[in-house]
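Got a structure here, written out as structure tokens. Questions coming.
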Amino acid sequence: MMYVYILVYIIINLINYVKSQEIPTEFIENEVLEYSFNLGKNWDRNTTLGLNRYSYTDKFNNINFSIINSRIGIHTINGSIAIFGYGNFQYNNFYCFIYPRIVNDVTAFARYSGIQREIDRTGFISGETDLSGIGYENEWLMVQWGRGREEWSSGEGISLALSNNSSAYDYGALKLSFNSVRVKYLHGFLESLENGVNRYITARGIEYTNKESLIFGFSEVVIYSGENRPFDIGYMNPISTHLEIELNDRLNKIGYNHANAVWQASLDWMANNKVRVSGNILFDEFVIDDIQKNAGKEHGLAYSARVSYSPVHSENVSISAYVQHIKVGTSTFRHGNGTNNFVIREKPLGWHHGSDGLESMIGIKVNYKDSMLADINMGQRETGDESILSNPYIPYIDYLSGPFPSGNVEKNIFLFSTFKWHWKPWVRFESRTDWSKDDGLEISAGVFLFLPKMFVIK
């Protein structure tokens, strides 16, 4: 059974360079595109409402064609091995895609959430589909159903509620683009817990973009749950809001303890051809009434900001320095009902250090000919006792003002670096150095190798 993913992959033989679907984080295309935003390039593809997606070249426009493209490869990290396949089939604006992995170590690879089996097959102990789905996309409409994750945030590495670092989940998405205005809606299933509680996610957002230097977005993300609870029809309306639905008893669970919403405003601004400013501010709980204020309650807040400066930008070499700060409140992303917390498979949906903490960081990124990529950063992180990272399904204690971070605060100074050399488009050597005051030094190295195959059928 462990080889089913690879077998399916070989049979289907799908694609990778297309207009639609998300780019896997491990692929060089994603890294190069993300880096280009700091240089003021490709801002027509930059968004606060999702991940980076593939884009077609103009030579395929306005003709009937099919594209079949596939990858099969191996990713190693310090002896841990992942065998993966990625593929997509596209006919005009219709597409389907799949990205499965089988591994011999469930803890070695980013975002992997497959369950370890009691037996192994030639050393491999787990397998899962990281990305898959079907969809349709043109210049103004995108409809997709499948498995993956979302990142609704401005800037790189400063996401709050939804992040590309989370485990994958199943959901459907609808996106409309009207020149400078984009709107997006999603609804999906997160997981079932052992006590029979089903957990779901839904979100809706709108953004303005001039496609050159400025993006402003506003979004609402909701987690709802309940024992044996089905999809809630009240949240199926993309033109709605959590407060109106809940306060008017239009959910299939009556009351105020069955859903948790956060609201976020995001700004991404290319101030000039060298400086990029990104920021997000998020509200989980509003304290407006005098009764709440007099009781000592406080807002449930989170915010993040990043400024990058790119003084060197040539055909061969680009260098960007950056500074960023993230703060997530003590009770932010928690709820009075712990199954409505912003987690999946006991890991955060957003900021990978959870909540009840803050982090400051400075760093530098170097890109040489889109083939050698380096990132070196250092900073300090403080984490309190109530972080959802350590207690993912426990409800908040209260929203009373108090010390931040809470309880016994863990303070950690860290130094982190990555180096990736794409020797060939299909061969990458990589290394990672991670040092922290608490955990000491950890060094890892590996290879990312795949065999590509592509067909264009007119």
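The values are calculated or read from the model by the stated rules, or taken from the named source; none is laboratory data. Computed from a predicted structure; not experimentally measured. Methodologically, a virtual Cβ is constructed for each residue, glycine included, from the backbone with ideal geometry; neighbour enumeration extends over all protein chains shown. The area values use the complete protein model at the heavy-atom level, side chains included, leaving out ligands, DNA and RNA. Shrake-Rupley method; radii C 1.70, N 1.55, O 1.52, S 1.80 Å.
At 222 nm, what value in deg cm²/dmol follows for the chain if DSSP H runs of at least 4 each add -39500 (n - 2.57) and the sum is divided by all its residues, to the nearest 500?
-1500 deg cm²/dmol
Can you pull out the trypsin sites (Lys or Arg not before Pro) in region 137-226 whose DSSP state is coil and whose Cβ has at most 15 other Cβ atoms within 10 Å?
211
Could you pull out which residues in region 394-432 have an amide N less than 16 Å from a spot 7 Å beyond the Cα of residue 369, following the Cα-Cβ vector?
Counting only backbone N, you get 420-429.
Measure off 7 Å from each Cα along the Cα-to-Cβ vector at residue 378 and residue 110, then give the distance between these two points in nanometres to one decimal.
In this crude label model, residue 378 to residue 110 measures out at 2.3 nm.
Read phi for every residue in region 108-122 and hand back ³J(HN,Hα) as whole Hz from Karplus 6.51 cos²θ - 1.76 cosθ + 1.60, θ = phi - 60°, with x for Gly and Pro.
Computed from phi, the couplings for region 108-122 are 8, 10, 4, 6, 5, 9, x, 7, 5, 8, 6, 10, 10, 10, 6 Hz.
Leaving out ligands and nucleic acids, and using a 1.4 Å probe, what accessible area per residue does the chain come to in Å²?
I get 46 Å² per residue for this part.
Find how many whole Å separate the alpha carbon centroid of region 22-36 from the alpha carbon centroid of region 399-430.
Cα centroid of region 399-430 versus Cα centroid of region 22-36: 19 Å apart.
What residues qualify as long-range amide H neighbours of residue 151, i.e. H under 5 Å apart, gap of 5 or more or another chain, H built at 1.01 Å from N?
50, 51
Now a separate question. Give me the distance between the Cα centres of region 158-173 and region 86-105, rounded to whole Å.
18
Over the chain, with every protein chain in place, what whole percent of the accessible area is carbon and sulfur at 1.4 Å, could you tell me?
Answer for the chain is 59 percent, counting heavy atoms of protein chains only.
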